[in-house]
1. What net charge is computed for the residues neighbouring Gly35, neighbours being all others with C-beta under 13 Å from the C-beta of Gly35, Lys and Arg scored +1, Asp and Glu -1?
2. Given labels modelled 7 Å from the Cα in the Cβ direction, how far is it in nm from Glu16 to Thr88?
3. Obtain the radius of gyration and the Kirkwood radius of the chain from its C-alpha atoms and give Rg over Rh.
4. Suppose all protein chains stay in the model; what accessible area per residue would a 1.4 Å probe give for the chain, in Å²?
5. Relative to the present Cα-Cα distance, how much length would full extension add between Ala5 and Val27 at 0.36 nm per residue of separation?
6. Where in region 45-93 are there GluC sites (Glu not before Pro) that are in a DSSP coil and have at most 10 other Cβ atoms within 10 angstrom of their Cβ?
7. For the ranges 23-33, 37-47, what's the packing order if you count other beta-carbon atoms within 10 Å of each residue, average per peptide, and put the highest first?
8. Label 7 Å along Cα→Cβ of Leu67; region 23-39 residues with amide nitrogen under 16 Å?
Amino acid sequence: MDLDAFQAQMARIYGERDATRGIAATVAWLAEEVGELARAVRKGTPDEQRHELGDVLAWLASLAEQLGLSLDAAAARYGEGCPLCGATPCRCR
Ligand SMILES: [Zn+2]
């Protein structure tokens with residue numbers, strides 16, 4: 001699933017509720033999910049880590065949707081290599 005398709009799917013599933021909750025609450029949920037991912041990386045199983053990666057992506061997609069921005073377009077910043085030096089792999093220090 002590409003990022004635009006994922007963002008659209010999240011908007012279909014949760015968009016109305018997320019818009020009611022608002023951007024500030026979405027950022028708080030995203031931060032909480034990043035914390036859960038950090039814990040899963042340290043102490044979790046691969047299944048738990050995959051679960052938390054999905055949750056972080058879901059909240060990131062919700063935030064992008066509410067900001068009116070495309071997650072796919074955001075990822076494109078890295079599509080041609082490092083956005084600073086242009087190389088793949090990065091040749092910055
Ligand atoms: Zn670089």
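1. Residues near Gly35 contribute -2 overall.
2. 4.1
3. Value, to two decimals: 1.04.
4. Ligands and nucleic acids excluded, the result is 71 Å² per residue.
5. Between Ala5 and Val27, full extension yields an extra 5.8 nm.
6. Glu80
7. Final packing ranking: 23-33, 37-47.
8. 23-32, 34
The values are calculated or read from the model by the stated rules, or taken from the named source; none is laboratory data. Predicted, not measured: the structure shown is a model, and the values here were computed from it. Note that each Cβ is placed from the backbone with ideal geometry, even for glycine, and that neighbours are counted across all protein chains shown. We work out accessible area using only protein heavy atoms, side chains counted, and drop any ligands, DNA or RNA first. Shrake-Rupley method; radii C 1.70, N 1.55, O 1.52, S 1.80 Å.
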